[in-house]
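Notes follow once the structure below has been shown.
The values are calculated or read from the model by the stated rules, or taken from the named source; none is laboratory data. Here the structure is a predicted model, which is why all the values come from computation and not from measurement. So basically every Cβ, Gly included, is an ideal-geometry build from the backbone, and we count neighbours across all protein chains shown. Note: accessible area is taken over every heavy atom of the protein model, side chains too, but ligands, DNA and RNA are not part of it. Shrake-Rupley method; radii C 1.70, N 1.55, O 1.52, S 1.80 Å.
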Amino acid sequence: MNEMIVEQRKYEEIEKIEIDLLLEAIYRYYEYDFRNYADSFIQRRIANRVHKEKMTSISALQEKVLRDPAAMKKLFSDFSINVTEMFRDPSFFKSFRTNIIPILREYTKIRIWHVGCSTGEEVYSMAILLQEEGLYEKAMIYATDINARILERAKKGTFSLAHMQQYTKNYIEAGGTRAFSEYYKVVGEQVVFDPLLQKNIVFAEHNLVTDSSFHEFDIIICRNVLIYFNKTLQDEVHKLLYESLSLSGFLGLGKREGIRFTTYGKCYEEFDTTEKIYRKIR
């Protein structure tokens, strides 16, 4: 076998051991469990942190993380997924408005769980949609994320003015019925969304890996979260989502996610195949 290939495999084996030891150390010392996150995602994030810290090995990063909580805080932020925008994937919200809203009109109360809400853009999007459809007063939205710092940003409802052109485009494509600018005011280079949108939103810290269910929901939105987990953790999270969703409740997943090959695949019907919206049937 080519000597370079042998050396490369040795390097990759050592790196895998270092990553496993780092994640185990984080779990044992800080009680954050990233051991079943997708290998490719973890490798990229750790490599990025090693580079930023100007270190020569993952082992060196492990020593710093264990002895310096500030270093752990940075790595934790690296592991947190904060990619989001208002009315992200407008066709999903359009389908929700067209197909699910008529069903929700018959409900006396609507309980929604936004999993991995990040900085809150999609949560505020849902609040706007429900308000336009006259359902916000009987809805309660629970928005959760593992990252407490990110949640504090979400609670403020303040976003960059530079994003508003794209967010307005998304809103229109999602079937918005008003001028999007009616929902916020401009303050310098930021926009502040109407505080009334927060009235029925509860932001809370929740770890999908270690925390249990805290309610029974009519709707669970868990989009673009599962793609960062390995198969073992995906199955565990699907169990949590299933147990947290009421019978006939709706589950919304991301474009690259699904339930067909999970333990609970037969417990749902495909309500909108294209937009990955499922309904619990058993």
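Quick rundown of the values:
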| read-out | value |
| --- | --- |
| Every pair of residues 6+ apart whose Cβ atoms lie under 7 Å, when the first sits in the stretch 192-217 and is closer than 11 Å to I141 by Cα and in contact (Cβ under 8 Å) with a residue 24 or more places away in the chain while the second is part of a loop (DSSP other than H, G, I, E, B) and open to solvent by less than 50 Å² (accessible area, probe 1.4 Å) | L197/G157; Q198/G157 |
| Meets criteria (open to solvent by less than 60 Å² (accessible area, probe 1.4 Å) and over 19 Å from Y136 (Cβ atoms)) for I100 | no |
| Filter result for F229 (among the hydrophobic types (A, V, I, L, M, F, W, C) and more than 19 Å from the chain's Cα centre (by Cα)) | no |
| Residue match in the stretch 265-279 (condition: of a type in the set (A, V, I, L, M), more than 13 Å from the chain's Cα centre (by Cα) and exposed (fewer than 13 other Cβ atoms within 10 Å of the Cβ)) | no |
| Within the stretch 53-71, considering residues that are of a type in the set (D, E) and open to solvent by 50 Å² or more (accessible area, probe 1.4 Å), the one nearest to the chain's Cα centre (by Cα) | D68 |
| Residue within the stretch 183-190 that is surrounded by 11 or more Cβ atoms within 10 Å (Cβ to Cβ) and hydroxyl-bearing (S, T, Y) present | yes |
| Those residues of the stretch 158-209 which are assigned to a strand (DSSP E or B), closer than 22 Å to D145 by Cα and touching a Gly at 6+ places or on another chain (Cβ under 9 Å), in sequence order | F159, V192, F193, I201, F203 |
| Subset tally (residues that are out of contact with any helix residue (DSSP H, G or I) (no Cβ under 6 Å at 6 or more places or on another chain) and not in a loop (DSSP other than H, G, I, E, B)) for the stretch 98-119 | 11 |
| The listed residue being within 18 Å of Y27 (Cβ to Cβ) and open to solvent by 50 Å² or more (accessible area, probe 1.4 Å), out of K94, K74, K109 | K74 |
| Selected residue [closer than 19 Å to G134 by Cβ and either surrounded by 13 or more Cβ atoms within 10 Å (Cβ to Cβ) or modelled with pLDDT under 95 (or both)] from F159, F203, F214, F180 | F180 |
| Selection status of I110, β-branched (V, I, T), under 30 Å from Y171 (Cβ atoms) and in contact with a strand residue (DSSP E or B) (Cβ under 8 Å, 6 or more places away or on another chain) | yes |
| Members of the stretch 125-156 found to be part of a strand (DSSP E or B) and open to solvent by 30 Å² or more (accessible area, probe 1.4 Å), listed by number | M140, Y142 |
| Selection from the stretch 1-52 of residues that are more than 24 Å from the chain's Cα centre (by Cα), exposed (fewer than 13 other Cβ atoms within 10 Å of the Cβ) and either within 16 Å of S77 (Cβ to Cβ) or among the β-branched types (V, I, T) (or both) | I5, V6, I17, H51, K52 |
| Total residues in the stretch 218-233, condition basic (K, R) and without any contact (Cβ under 8 Å) to a residue 60 or more places away in the chain | 1 |
| Flag for E122 being of a type outside the set (S, T, Y), assigned to a helix (DSSP H, G or I), open to solvent by 60 Å² or more (accessible area, probe 1.4 Å) and at pLDDT 95 or above | no |
